[in-house]
Amino acid sequence: MKKFEKINYLRTITSLRGISVLGVLLYHSKYPLFKGGYLGVDVFFVISGFLIGNIILSEIEKKQFLFIKFYLKRLRRLLPSLIFTLFFTILISYIFLLPEDYELFNNSIPYTLFFIGNIFFWKTNDYFSPDTEIMPLSHLWSLSIEEQFYLVFPIFIFLIFRNKLARKNLKIIIFIGIFLSFLYTIFGF
């Protein structure tokens, strides 16, 4: 079985992250040249998955992986920025939003705080509609998806590596996952 070495830092990954964030910012700035800039979110997801997968696999291989340590590290990294963003956005929204928009904003806060904002915004509004521009936390849908990934992916990887048959057929499992995702995307099950 291949040894997994933990990646400490790669300048190319940081550069790709920067390019993906820049693409998203330019997309939201409504520059016609960057209509596809939202794809930067997908690139960011792939990079995060690669890095988190590397961390998990290298720690499992060294028998150092602990779920609680992994989850606490993710929360310590994200919660301070999220809480600051929420407080700042609450203040600004109170000043600038109309009462009905502020009520919708208030309803979105707990969903965002518990990383299920993507579900709230999916049920409330189309992300690409003009109404989204008056929903200050709607852009945090991607953070919710990332956190949901952090919740499920380590369990999935851990279970695969505990099962010898699954570990031997990892490429087939990955292919089946990609194929099912492709079908889901095409047919919208």
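Side notes on the structure shown:
- Subset of segment 22-54 (residues that are open to solvent by 40 Å² or more (accessible area, probe 1.4 Å) and over 19 Å from Glu133 (Cα atoms)): Leu33, Asp42, Val43, Phe44, Phe45, Val46, Phe50
- Segment 154-181 residues that are farther than 22 Å from Phe65 by Cβ, paired with ones that are at pLDDT 85 or above and open to solvent by 90 Å² or more (accessible area, probe 1.4 Å) (beta carbon under 7 Å, 6 or more apart): none
- Among the residues making up segment 55-91, a single one is farther than 30 Å from Tyr102 by Cβ, loosely packed, with under 15 Cβ neighbours inside 10 Å and polar (S, T, N, Q): Gln64.
- Here Gln64 does not fit the description of being within 23 Å of Leu39 (Cβ to Cβ) and not small (Gly, Ala, Ser).
- Residue within segment 102-125 that is under 30 Å from Arg11 (Cβ atoms), in contact with a helix residue (DSSP H, G or I) (Cβ under 9 Å, 6 or more places away or on another chain), surrounded by fewer than 17 Cβ atoms within 10 Å (Cβ to Cβ) and of a type outside the set (D, E, K, R) present: no
The values are calculated or read from the model by the stated rules, or taken from the named source; none is laboratory data. Here the structure is a predicted model, which means the values were calculated and not measured. Note that each Cβ is placed from the backbone with ideal geometry, even for glycine, and that neighbours are counted across all protein chains shown. Surface accessibility is based on the protein's heavy atoms, side chains included, excluding ligands, DNA and RNA. Shrake-Rupley method; radii C 1.70, N 1.55, O 1.52, S 1.80 Å.
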